[in-house]
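What follows is a single structure, written as structure tokens, with notes after it.
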């Protein structure tokens, strides 16, 4: 378990993390979301003691990370995949870490096999692709068979097979009762992997909720309607508080009317319906809506686009 209490971090006049409190519990995958500059990486670095907090506390399984007699057995972290000597092989990189922390040699072979690097384990890590570097970073995080795992953007550089692999790995670790805390900018992947979300913006907590509750916060929801008479149905449903869009032939997305209202009007007009289903806003849409005022950098034209997110 990770407990963050009233955590703050200042760099001169800049506040990177501002009175942040949340708990990451075992048994579920907890996603850590926020725009660039929100303070995610700084928070993760403070959890493992790489940055000192200006105020507040962070504990891992009841203690400061540095106070554990065998820290790598308590928490494994991937914060920077390329933090490895370029001329050292993946095997030797892991072997050195294991030897200096009392981890048996056989565990090195186990994690190399687990992350799929057995064929390149003796090659210099400096020649690795981004995806291979990510796998080595994950192997390093898992080397101590820790109860808690923190991964910062673990799917960067992975191909579709690798993304599926890390998704299943995270779920397996959580199912084993471990604490899994992972950040990502890929909302579609986070929606498939995480069960709970911690969302921050400008260093402050925005949400700490199950993912289903988070997506239900959407300001609006629509109804998907499929009909061979979509043009006539669109005219029938039109009104001052009703929004109707179409992304494909014969399909309408209706906002402002309930499923019951649409079905009753269609039935009264004798219009055949092939589909009538609720469409909840995606994780990405809700995230964009809740964090639009927390974005640190925005390219030309993005401001107008952000304002249109439902």
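Give the stretch 111-138 a look and list any residue that's out of contact with any strand residue (DSSP E or B) (no Cβ under 7 Å at 6 or more places or on another chain), within 17 Å of residue 163 (Cβ to Cβ) and buried (at least 20 other Cβ atoms within 10 Å of the Cβ), or say none. Let's see the steps before the verdict.
Let us first name the residues in the stretch 111-138 that are out of contact with any strand residue (DSSP E or B) (no Cβ under 7 Å at 6 or more places or on another chain), namely 111-120, 126-136.
Imposing the further condition that a residue be within 17 Å of residue 163 (Cβ to Cβ) reduces the set to 114-117, 129-136.
Across the stretch 111-138, the qualifying residues are 115, 117, 132, 133, 134, 135, 136.
Which of the residues that make up the stretch 215-230 are in a loop (DSSP other than H, G, I, E, B) and under 30 Å from residue 292 (Cβ atoms)?
Our first condition is that a residue be in a loop (DSSP other than H, G, I, E, B); within the stretch 215-230, this holds for 216-221, 227-229.
Once the filter is applied, which keeps residues that are in a loop (DSSP other than H, G, I, E, B) and under 30 Å from residue 292 (Cβ atoms), the stretch 215-230 yields 216, 217, 218, 219, 220, 221.
Take the stretch 231-280 and flag every residue that is assigned to a loop (DSSP other than H, G, I, E, B), free of Cβ contacts under 8 Å to residues at least 40 places away in the same chain and either touching a strand residue (DSSP E or B) at 6+ places or on another chain (Cβ under 8 Å) or surrounded by 15 or more Cβ atoms within 10 Å (Cβ to Cβ) (or both). Reasoning before the result, please.
Let us first name the residues in the stretch 231-280 that are assigned to a loop (DSSP other than H, G, I, E, B), namely 238-242, 249-250, 256-258, 270-274, 280.
From what's left, free of Cβ contacts under 8 Å to residues at least 40 places away in the same chain: 238-242, 249-250, 256-258, 270.
Within the stretch 231-280, 238, 242, 250, 256, 257, 258 qualify.
Can you spot a residue in the stretch 198-215 that is touching a helix residue (DSSP H, G or I) at 6+ places or on another chain (Cβ under 8 Å) and modelled with pLDDT under 90?
yes
Output the number of the condition that residue 56 fails; it satisfies all remaining conditions of (1) part of a strand (DSSP E or B); (2) in contact (Cβ under 8 Å) with a residue 60 or more places away in the chain.
Single failed check for residue 56: (2).
Residue 95: surrounded by 13 or more Cβ atoms within 10 Å (Cβ to Cβ), over 22 Å from residue 179 (Cα atoms), over 22 Å from the mean Cα position of the chain (by Cα) and modelled with pLDDT of 95 or more, yes or no?
So residue 95 passes the test.
Using the structure shown, decide if residue 170 is in contact with a helix residue (DSSP H, G or I) (Cβ under 8 Å, 6 or more places away or on another chain) and under 23 Å from residue 27 (Cβ atoms). First the steps, then the outcome.
Values: in contact with a helix residue (DSSP H, G or I) (Cβ under 8 Å, 6 or more places away or on another chain): yes; under 23 Å from residue 27 (Cβ atoms): yes.
Criteria met by residue 170.
Within the stretch 14-26, how many residues are over 16 Å from residue 59 (Cβ atoms) and out of contact with any helix residue (DSSP H, G or I) (no Cβ under 6 Å at 6 or more places or on another chain)?
Qualifying residue count, the stretch 14-26: 4.
The values are calculated or read from the model by the stated rules, or taken from the named source; none is laboratory data. All values reported here derive from a predicted model rather than from experimental measurement. Heads up, the Cβs are rebuilt from the backbone with ideal geometry, glycines too, and the neighbour counts pull from every protein chain shown.
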